[in-house]
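So that we are looking at the same thing, I have put the structure below in structure tokens.
The values are calculated or read from the model by the stated rules, or taken from the named source; none is laboratory data. Not measured: the values here are computed from a predicted model. Reconstructed Cβ throughout: ideal geometry from the backbone, glycine too, with neighbour counts over all protein chains shown. SASA here: full protein model, heavy atoms, side chains in, ligands and nucleic acids out. Shrake-Rupley method; radii C 1.70, N 1.55, O 1.52, S 1.80 Å.
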Amino acid sequence: VAMTAHAMSGDREKCLAAGMDDYISKPISREQLFAVIERNSVPAALARAAENDPVNDTGKEEMVHPPVPAPQEEAREPLEIDVALLLERFGGNQVLLRQTAAMFSAESGILLIKIERAHVEADLPHLQSAAHTLKGMCRTFEANEAAQAVFMLEMAARAGSAGTDRDVEGLKSEVRRAAEAIAELDRQLARAAGATA
């Protein structure tokens, strides 16, 4: 089973053409993972039937990460993070979730510096690589507006463009907004842990 950070139309077909049996896109939920395992663990006849089921076969890539509107110019509301969803994604492990949340601000800051430098220097391979990594981090926390902004710059780099200054500024704004929300999530989890101690 191919695991990728992409959720684009045609990615599943490319993975299958390369010899994979199935495809799943990050970030992965337990339900998606179990569904892929079950789909690939049944007898071949049942698997073929499932492949021909239009409910199972249409729009898998698009359903993983629905389109998100582009960043807005006006002041934005604080990002709301679904704590229950993240705890489920982290297998209920609050310590691991807090450790990962605590790293987001510094790690995203480093990647933003790399993205800005690569943008200025029109270094498309490094721009694409840094954007790809940052996109995955944002999607882990369901910071979809930030992930979409980074994804657009990643796609621009893949197509031969370093994007515009406005693209980069919008991306930075969304990632900072995500970092603030993730830092607040960490504080909430710390307070909850203190209250139960």
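Largest first, how would HIS119, HIS126, HIS132 line up by accessible area (1.4 Å probe)?
Working: HIS119 25, HIS126 120, HIS132 60 Å².
Most to least solvent-accessible, the answer reads HIS126, HIS132, HIS119.
Give, in nm to one decimal, the length gained when the segment between ALA102 and ARG158 is fully stretched (0.36 nm per residue of separation minus the Cα-Cα distance). Mind dumping the intermediate values first?
Numbers: separation 56, 0.36 × 56 = 20.16 nm, distance 3.05 nm.
This chain segment gains 17.1 nm when fully extended.
Kindly identify region 118-197 as rounded, prolate or oblate by the Cα gyration tensor criterion: order the square roots of the eigenvalues as a ≥ b ≥ c, call it rounded if a/c is under 1.5, otherwise compare a/b with b/c, prolate if a/b is larger, else oblate. Walk me through the intermediate numbers first.
Values: a/c = 3.46, a/b = 2.89, b/c = 1.20.
Prolate shape, in that a/c is at least 1.5 and a/b is the bigger ratio.
In nanometres, what is the gap between the two model label sites at LYS26 and VAL83, each 7 Å from Cα along Cα-to-Cβ?
2.6
Moving on to the next point. Taking 0.36 nm per intervening residue step and subtracting the Cα-Cα distance, what contour gain separates GLU38 from GLU13 on full extension?
On the way: separation 25, 0.36 × 25 = 9.00 nm, distance 1.96 nm.
So the extension gain works out to 7.0 nm.
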